[in-house]
Every structure is written in structure tokens, then in C-alpha cells.
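The values are calculated or read from the model by the stated rules, or taken from the named source; none is laboratory data. Please read these numbers as outputs of a predicted model, since none were measured by experiment. Please note: Cβ atoms are built from the backbone with ideal geometry, for glycine as well, and neighbour counts cover all protein chains shown. Accessible surface areas use protein heavy atoms only, side chains included; no ligands, DNA or RNA. Shrake-Rupley method; radii C 1.70, N 1.55, O 1.52, S 1.80 Å.
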Amino acid sequence: MSFSIEQLSAFVTVYEEQSFSRAAAKLNKHRTTTGQVIANLEDILAVELFDRVGRSVIPTEEGELLYHYAKSVIDQSNIFDKIALSLAYGTLEGVNIGYSSVTPHGLLALIREQLAQDFPNMKVNFLVMNKAQVQEGLDSGDVHFGLVNIDKGKGMYGKDSTFLGHMEFLPFVKKGGALSGLPEDEALRALRTTRQFVLRAFTHDGLKEKVVVSADNEEVDQLSLAIKLIQSDLGWAWLPRVLSESPYITEHLEPIEVKELKASFKFSFALWNPHSKQVLTVKKSIIKAVDDYIAHFRSLQVD
């Protein structure tokens, strides 16, 4: 049995478009040619991939099953092309890093310091993005790396994903404010009746229901703005635990203990990037910075 990448690509495109005409336009082929490619593939496989209904095509049960395998082959083929192409080029002149707004700025600063040390002439742009925007940017080539929350959602096709670890979140309030110093058994009731600021990143990642405690809640796009609002004693928010180790933050804010909360919220984060020689070289520096950041935070906890 022998079939080509071109045939699999046509199959995947027709499956996704559910139309020979739309698939042909996307493949820059004639409709008749695309139809013939699919017919030839069906002859080779000895199965029907689609039911033809007027101008529409509906995947058969066999087509549904084979699509996922064909999609994987196409993705792997694209990865091979990109890696082979990247070998002919030198280092990147600049990188765009998309990151969730809940990412601690201390981590981003450490990443920038490491990149400045390893790639002194490389420009680095940090861009706040949700997971979908990072995915789109990686697909288009406008984004080289994404620091994303992977606690909920599907994996990526055709991209490299490296698990970085868990980020813990605690309820932060203004130090000396209305919620400060509450007994543990009264804290949850107070949080439920006090304005809560919810980082929009949680909403974009489908986690809002998990973190919302108060009926009186407002969305905030930036971590820095949430911190400022809490410092003004306008409410409270779930913030990364690592902020409790920052002298600037702890001078104004503090996490509070909640009797009913046996453990902090933990969300999984990963580094997403495409497969290419240049990107993988830069990735090593980013991973080193992340590891150093985690090690530093753990040492503060031990002390």
C-alpha cells in the first residue's frame, strides 16, 4: 500500500472543509483534480472516505477514524520541513514571547536577563496573550514562544510543548486592610461578600468558575493592575504565591489563610514553541531561567 503526502493533505483538507470546492481553493487546485486525488486514495485504501451528498461531502465512519492519523502524518511532515529549513539559517535576530497575564514579572525579567547573557544582540518582545492567541501566533510564525496555562484544554498539533511545573495561587488582600488579620474560620465568608478581582487569563482559559468565590467580581486584564487595586483596598484576588516573596509586594499585600482551603490552587504551565534549530537553541536559555526561578523560590520557602 503506497500513498503520498499530497493525497493525505487533500484528504485532511476535504475532511475539514467538507467541500471539494472549498478544499480545492485552499489547496490551490481544481475541484476535479482534488476529487480525483480523493478517489485514487480511496482505491488504494479500499475504503470510502466520504459520502457524496450533493455538493457536500460527509466523512464516513472509516474517514472519521483515518482523519486523525492522516492529520498526525501531515503535522509531522510539516515539522520535518520546518526543521530541515531551519538548518540552513543562523540564529534568530529577535523573538516574540507570548505570556499569560498571570505570569509573575519576576520570571519574565529573569528570562530576559538570561537571554541578554546568551544572546546579547537579540531583540526580545514580551506580549500578553491568551492561549488561543499564542496558538494562532505560533501557527502564523509571529510568536516564537508561549508561556501558557495548560490546566484545561486540548494539546497542540505540530508544536513542541514542555511542562514547566505548577503555579500556586493564594487569596491576596491589602496588608492592614479590611480583610487583613481575619481568623481562618471567618476568612471564606468575608471573601464571598467582598469584591473579587478575577484575572482575565482565567476567563480566557475556561477557569473562571473554578476561581470565582464572590458574587461581586470584576475582571482585570493585567496582573499589575490587580495588584494596584488590592493595594488600594478595593478588593481581593487570587495571585501567584511567588509574589509573597517579593519585598515590594509584601510591603503592601499579604496572602490570608482560609480554614476551608486545605491547599492553594495549582495550575499547570508549559512552554510552547515551534520546531526549529534556532528556536530550540533559545529555548534552552528560557528553560534555564525558569529552573533558576523555581529553585530560587524554593530556597526562600526553606529559609
Note, the stretch 12-28: 3J(HN,Hα) by Karplus (6.51, -1.76, 1.60, θ = phi - 60°), whole Hz, Gly/Pro = x, goes 4, 5, 5, 4, 6, 8, 6, 6, 5, 5, 5, 5, 4, 5, 5, 8, 6
Residue-wise HN-Hα coupling along the stretch 282-287, computed from phi with Karplus coefficients 6.51, -1.76, 1.60 (Hz; x: Gly, Pro): 5, 4, 4, 5, 5, 4
Taking H as built 1.01 Å from N, whose amide H comes closer than 5 Å to the amide H of VAL128, not counting residues under 5 places away? TYR99
A 1.4 Å probe over the protein heavy atoms gives the chain a carbon and sulfur accessible-area percentage of 51
Rounding to the nearest 10 and keeping the result within 0 to 90°, find how far the Cα-based axis of helix 105-118 lies from the longest principal axis of the chain. 60
Long-range amide H partners of LEU170 with built H, under 5 Å: LEU239, ARG241
Just order 130-139, 48-57 by mean Cβ neighbour count inside 10 Å, highest at the front, would you? 130-139, 48-57
Place +1 on the Cβ of every Lys and Arg and -1 on the Cβ of every Asp and Glu in the chain, take the dipole about the Cα centre, and give the residue among LEU188, VAL213, SER299 whose Cα lies farthest towards its positive end. SER299
Listed by chain and number, the residues whose amide H is under 5 Å from that of LEU164, excluding neighbours fewer than 5 places away on the same chain and using placed H, are PHE269, ALA270, LEU271
Accessible area (Å², per residue) of the stretch 158-249, counting only protein heavy atoms and a probe of 1.4 Å: 48
Net length gained if the chain between SER77 and SER140 were fully extended (0.36 nm per residue, minus Cα distance): 21.0 nm
What accessible area per residue, rounded to a whole number of Å², is obtained for the stretch 1-143 using a probe radius of 1.4 Å? 58
Measure nothing but the geometry: give the 0 to 90° angle between the long axis through the Cα atoms of 131-140 and the longest principal axis through the Cα atoms of the chain, rounded to 10°. 40
Vicinal HN-Hα couplings computed from phi for the stretch 73-79 (Karplus, 6.51 cos²θ - 1.76 cosθ + 1.60; Hz; Gly/Pro x): 5, 5, 4, 5, 5, 5, 4
Roughly how tilted is helix 31-45, in degrees to the nearest 10 and between 0 and 90, from the longest Cα axis of the chain? 90
Test item: Cα-centred dipole of the chain, Lys/Arg +1 and Asp/Glu -1 on Cβ, debye: 380
Computed from the coordinates I sent, semi-axes √(5λ) of the Cα gyration tensor in Å equals one of (i) 35, 24, 19; (ii) 47, 25, 15; (iii) 43, 26, 15. Tell me the label. (ii)
Using label points projected 7 Å from each Cα along Cα→Cβ, tell me how many nm separate LEU225 and LYS288, to one decimal. 3.6
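Taking a threshold of 26 Å on the Cα-Cα distance, which of the pairs LYS71/LYS288; LYS266/LYS288; LYS174/LYS259; LYS159/LYS266; LYS29/LYS277 fall above it?
LYS71/LYS288; LYS29/LYS277
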Calculate, in nm to one decimal, what LEU65 and ASN28 gain on full extension: separation in residues at 0.36 nm each, minus their alpha carbon distance. 10.7 nm
